[in-house]
Amino acid sequence: NIPLDPSGFYLTTWSAEAGLADGRYVIRIKANDTIDVGPDNQNASVFVNITIDNTPPTTTDDSDLSEPWYGTDQTITLTCVDNLVGCNVTLYCVYDDGTTPCTPTIAGTTVSVTCPDGSTCVRRIRYFSNDTLNNIESIRNSSRIKIDKHSPSITIDSPLNGTTKSGLIDLLTT
């Protein structure tokens, strides 16, 4: 027996069977009129679409796995995929490689990885996403993003300024 609510409808709550695989399902709910009063006595049924999703989304980044050196700041794109209910939000942070990793708190999918002029930086992005049912994936790390904005320098040890020399001169750059 399901109790009658104040508006005159019967209300109940139910849950899907534990272990039901992720997917989309159609549930048929049927009500039977057991009183049999009058010619309008009918049974009624309705179909309800439900989605079961216990799987977190998967987020990837487009950083280069070969970890090359760049001479300019880089833009990295994060891509979230969820095959059932869709992605809700992607959170990220950028930190210096070799230091304590940061906690992702910035929402977005386009990440600007910067390095000050005159510096050499090695950075990583930490990120994760959740879907619209709040299934949360594990935190992921990008490849190292290496940026070199330090200008090279030349030191001439020999010949000394003002001297003349013939032949080849070795120049070392750093």
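Here, each number is a calculation from the coordinates, and none is a lab measurement. Quantities reported herein were computed from a predicted structural model and do not represent experimental measurements. Cβ sites come from the backbone with ideal geometry, for glycine too, and all protein chains shown count toward neighbours.
What the table below lists for this structure:
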{"quantity": "Segment 41-154 - share of DSSP beta bridges that are antiparallel (%, nearest 5)", "calculated": "95 percent"}
{"quantity": "Integer Hz, Karplus 6.51/-1.76/1.60 couplings in order for segment 56-67, x for Gly and Pro", "calculated": "x, x, 10, 10, 10, 10, 9, 5, 6, 5, 7, 6"}
{"quantity": "Between segment 105-170 and segment 73-95, the Cα center-to-center distance that results, in Å", "calculated": "22 Å"}
{"quantity": "Burial ranking of peptide ranges 102-108, 160-166 (average Cβ count within 10 Å, highest at the top)", "calculated": "102-108, 160-166"}
{"quantity": "Karplus (6.51, -1.76, 1.60) ³J(HN,Hα), θ = phi - 60°, over segment 161-166, in Hz, Gly and Pro reported as x", "calculated": "4, x, 9, 10, 8, 10"}
{"quantity": "Potential lengthening between Asp22 and Thr110 on full extension [0.36 nm per residue; Cα-Cα distance subtracted]", "calculated": "28.7 nm"}
{"quantity": "Relative contact order of segment 41-123, pairs being alpha-carbon contacts under 8 Å that are 6 or more residues apart, as %", "calculated": "28 percent"}
